[in-house]
Structures are given as C-alpha cells and as structure tokens.
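Take a look at the structure below.
The values are calculated or read from the model by the stated rules, or taken from the named source; none is laboratory data. Keep in mind that this is a model prediction, so the values were computed, not measured. No Cβ is skipped: glycine too gets one built from the backbone with ideal geometry, and neighbour counts run over all protein chains shown. In case anyone asks, the SASA skips ligands and DNA or RNA and just uses the protein heavy atoms, side chains included. Shrake-Rupley method; radii C 1.70, N 1.55, O 1.52, S 1.80 Å.
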Amino acid sequence: MTSSQVNVSDPESAAVPFFPIPRAPGCPLDPAPELAALQERAALVRVRLWDGSTPWLVTRHAEQCALLSDRRVSADWTRPGYPFDSRFLRDHHEEARFLTAMEGPEHLRLRRMIARPFTPRRVGQLRPAIRQVVDDHIDALLAGPKPADFVAEFALPIPCIVICHVLGVPYEDHDFFQHAIRTLTGRDVPDEVAGKAEGELYRYLARLIGRKLRDPGDDLLSQLAAERLATRQLSRHELVMLVLFLLVSGHETTASMIALGTLALLLHPDQIDVLKEADDPGAAAAVDELLRYLTTVQPGRRRVAVEDIEIGGQVIRAGEGLILPEEIGNRDERVFPGAGALDLRRDAGEHLAFGFGVHKCTGQPLARLELQVVFAALFRRIPTLALAVGVGELPFMDDGLGYGVREMPVSW
C-alpha cells in the first residue's frame with residue numbers, strides 16, 4: 001500500500017486496509033511508513049477494518065486533539081459505528097465495560113473513585129519505595145548471569161510490583177494474571193481461548209474483592225470495597241472491571257515503555273549522555289520525549305461521532321467511527337520539528353502518549369514517576385549496558401493492544 005492509492009475525493013471506496021498497519025522491518029521503533037505517507041496526504045483518511053467497516057483514520061496532531069476533546073465524539077463502544085479492534089471485543093463489549101469506553105456522568109463517577117491514589121502528591125510519596133524496587137532489580141541483574149533477559153528480569157516486574165502494591169493485588173499471582181491479560185488482549189487469539197481467560201481473570205478478581213471485604217488492607221481495592229461497594233455506590237461487577245482496567249493499564253504499557261525506552265537509548269548512545277547530565281526537571285522532560293518518540297498503545301484511540309463534524313477538509317457524519325493513532329500524531333512535524341529523531345532536550349510536553357481530553361490517563365503521574373526513576377538509575381548504575389543480540393533478532397509484540405518487545409537479551 002502506498003499513499004498514491006488513497007483517493008480522498010472518494011474516501012469510502014478507496015479505504016486503506018488497517019489492522020493496524022504493521023511497523024516496517026528494520027525500524028521497529030518507528031511508526032509504519034504508510035502512516036507517515038497518509039499523514040502527508042490528508043488529516044483524515046478512510047480505512048477498512050477487519051470487519052469491512054470504513055471509519056476515519058485521523059493522522060495529524062491538531063485534529064486528534066480537537067476530536068479527542070470534542071463533545072460530539074464519544075468513546076462509548078455500545079454506540080453503533082464504534083470501530084472495534086477485534087471480533088472478540090465486538091461480541092463481548094457489553095459485559096466488558098471499561099473506563100476508557102464510558103462517557104458523561106458514568107465516566108466521571110468512576111474516574112473520581114480511583115483518582116485519589118494517582119494525584120501527583122500521593123504518587124510522589126511512592127518515590128522512595130519505587131527507587132528501592134528499581135535498585136533491588138538492578139542489583140539482581142548485576143548479580144545474575146549474562147546475558148540476561150531485560151524484559152523478564154527488569155522491565156516487566158518493576159511496574160507490576162508497583163501497581164500490585166497500589167491496588168492490593170498479590171504480586172505472587174503475577175504469572176497468572178499477566179498470562180490471562182496477554183491472552184485476553186491478543187488480536188489473533190481464538191474467541192474461545194480469550195473467553196476462557198476472561199472468565200478465569202474475572203473470577204480471580206471477584207474472589208480477591210471478597211477477601212478485601214473480610215480483611216481490608218491499605219490499598220485502593222480495599223478502599224473501594226469498603227467505601228463504595230459496601231455502600232452500594234459501586235456494583236461488584238463495576239469494581240471487578242475497574243480493577244481489571246487498572247491492572248492492565250498500570251503495568252503492561254509501563255513495562256513496554258521501560259523496555260522500548262532502554263532499547264531506544266542503547267540505539268542512540270549520545271542521548272544517554274544527555275540523560276546522565278539531566279537534573280530532575282531534565283529527567284522529566286527526557287521521559288516526555290521518550291513517550292513521544294515511542295508508542296505502546298497499538299491500535300489507536302477509538303471513537304464514534306454522535307453528530308456531524310466538519311474538520312480537516314472532511315465531514316464526519318454521525319455514527320461514523322474514528323481511529324486516532326498517537327504514534328503518528330506524536331511524529332507530526334507540524335508540532336515536533338525533526339519528529340523522527342530522538343532528542344531528550346526537546347520540549348515534548350504536547351505528546352499524546354497518555355491520550356487527550358477527558359479520557360486522558362488517570363494513572364499518568366505514576367507511570368511518569370516510574371519511568372523517571374528507572375532511567376535516572378539504570379545507565380548511572382550500569383553504564384556499559386548493551387544489547388547482547390542484534391536489533392533484528394529481537395521478537396517484537398505486534399499482535400495485541402500494546403506494542404513492545406517480548407525478550408531483550410542484554411549484557412554489560
């Protein structure tokens with residue numbers, strides 16, 4: 001597929017296949033070049049999904065921000081025309097209501113319930129504990145055999161430990177829920193396999209909630225069970241889905257960012273020197289640039305128009321779906337000159353890695369803090385960290401909701 005195949009004057013008949021478009025071999029940290037070609041051609045382009053539907057692909061930063069903050073656009077996936085990523089999600093969306101797929105008072109009510117542990121002040125209190133977790137894993141990495149799998153030994157366990165601590169989920173169960181989550185979110189997983197994983201995970205969280213009601217701790221799950229479930233402000237099903245949402249979003253994406261960010265820095269050693277010299281504000285800015293340069297949410301934000309909208313030279317009709325891939329919005333030269341280069345001195349504060357508008361990620365202060373602590377410590381303590389294999393030998397994840405690397409052998 002090339003940009004010459006896109007006829008925006010007859011958009012529906014010339015819809016471009018999007019499943020999503022795979023990244024190009026040889027440059028696994030960059031968006032698919034087809035997306036860049038579409039961005040240059042038009043702000044909105046029709047694409048064709050797995051089910052034959054033809055939603056709009058929004059390619060540019062300004063239009064993505066405008067639509068993500070437009071009340072005429074809905075994240076509610078129960079509305080007709082919503083562009084589903086998979087058949088399983090389409091067939092099971094009514095019982096699997098996540099916070100990111102809610103609108104209006106329902107969304108605001110649940111968002112407020114989970115906001116307290118993720119305020120900058122509360123998250124800041126976790127810095128010493130997160131620093132200790134990071135240092136412990138660096139110690140273990142240095143004391144272990146070489147080469148080591150950076151993903152299994154470092155990138156995955158750190159955010160998993162942190163979110164388990166915040167939620168009150170036993171970390172010793174992480175093998176079970178990580179496997180279940182990856183099965184559930186895999187794009188090519190058979191429906192019956194995904195359904196079984198969903199049921200097992202649901203029952204596990206329901207049992208855990210029951211234990212929290214009987215024996216509460218100092219964690220978010222205990223708080224919600226005691227303050228909201230017991231007073232009927234929250235149903236047990238809503239609480240299970242909230243915890244599942246936080247568990248998935250609270251460690252998978254951060255783990256992918258730790259691994260991909262480390263890989264990006266190893267491929268750009270001059271940027272490691274910038275990071276080492278950075279003070280705390282500089283480290284925060286460096287993390288923003290890594291978040292802009294890399295993207296872990298793979299299929300793009302999904303929305304549906306509830307009224308007609310004129311934007312980007314097109315008219316989006318009520319009931320038409322929208323896909324807003326942040327990986328190309330974050331590489332828009334109109335906002336980030338030289339966007340294809342990693343530059344830790346760049347002001348990348350307008351990146352879209354956490355979304356935009358009322359659905360912007362609630363847990364972003366925690367993710368930012370984890371990434372700042374990790375990257376401030378990693379190359380200071382292991383200055384000779386290096387890939388133990390070529391980039392072409394790394395197995396990347398491109399079959400689920402998140403993009404990342406499955407294994408990353410490193411040495412030092």
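Checking the conditions here, which among Leu371, Leu385, Leu394 is touching a residue at least 12 places away in the same chain (Cβ under 8 Å) and in contact with a helix residue (DSSP H, G or I) (Cβ under 6 Å, 6 or more places away or on another chain)?
Working: Leu385 fails: in contact with a helix residue (DSSP H, G or I) (Cβ under 6 Å, 6 or more places away or on another chain); Leu394 fails: in contact with a helix residue (DSSP H, G or I) (Cβ under 6 Å, 6 or more places away or on another chain).
Going through Leu371, Leu385, Leu394 in turn, just one is touching a residue at least 12 places away in the same chain (Cβ under 8 Å) and in contact with a helix residue (DSSP H, G or I) (Cβ under 6 Å, 6 or more places away or on another chain): Leu371.
If a residue has to be part of a helix (DSSP H, G or I) and out of contact with any Leu (no Cβ under 9 Å at 6 or more places or on another chain) to count, how many in the stretch 259-283 make the cut?
Counting residues in the stretch 259-283 that are part of a helix (DSSP H, G or I) and out of contact with any Leu (no Cβ under 9 Å at 6 or more places or on another chain) gives 7.
Which of the following residues is open to solvent by less than 40 Å² (accessible area, probe 1.4 Å) and more than 16 Å from Ile161 (Cα to Cα): Leu244, Leu213, Leu229, Leu221?
Answer to the selection: Leu229.
Tell me, which helices (runs of 4 or more DSSP H) wholly within the stretch 7-117 include 2 or more residues that are modelled with pLDDT of 85 or more and either among the aromatic types (Phe, Trp, Tyr) or surrounded by fewer than 16 Cβ atoms within 10 Å (Cβ to Cβ) (or both)?
By residue number, 33-41, 104-115.
Applying the selection to the stretch 130-175, what residues are within 15 Å of Met408 (Cα to Cα) and basic (Lys, Arg)?
Lys146
Among the residues of the stretch 347-390, write down those that are assigned to a loop (DSSP other than H, G, I, E, B), under 18 Å from Arg292 (Cβ atoms) and open to solvent by 30 Å² or more (accessible area, probe 1.4 Å).
Result: Asp347, Gly349, Glu350, Phe356, Lys360, Cys361.
Which residue out of Leu205, Leu167 is touching a Gly at 6+ places or on another chain (Cβ under 9 Å), under 22 Å from Met113 (Cβ atoms), open to solvent by less than 40 Å² (accessible area, probe 1.4 Å) and aliphatic (A, V, I, L, M)?
Unique residue meeting the criteria: Leu167.
Which residues, taken from the stretch 305-329, are under 12 Å from Val58 (Cα atoms) and open to solvent by less than 20 Å² (accessible area, probe 1.4 Å)?
Ile316, Gly321, Leu322, Ile323, Leu324, Pro325, Glu326, Glu327, Ile328, Gly329
For residues that are in contact (Cβ under 8 Å) with a residue 60 or more places away in the chain and assigned to a helix (DSSP H, G or I), scanning just the stretch 179-196, find the one that is farthest from Val240 (Cα to Cα).
The residue in question is Asp191.
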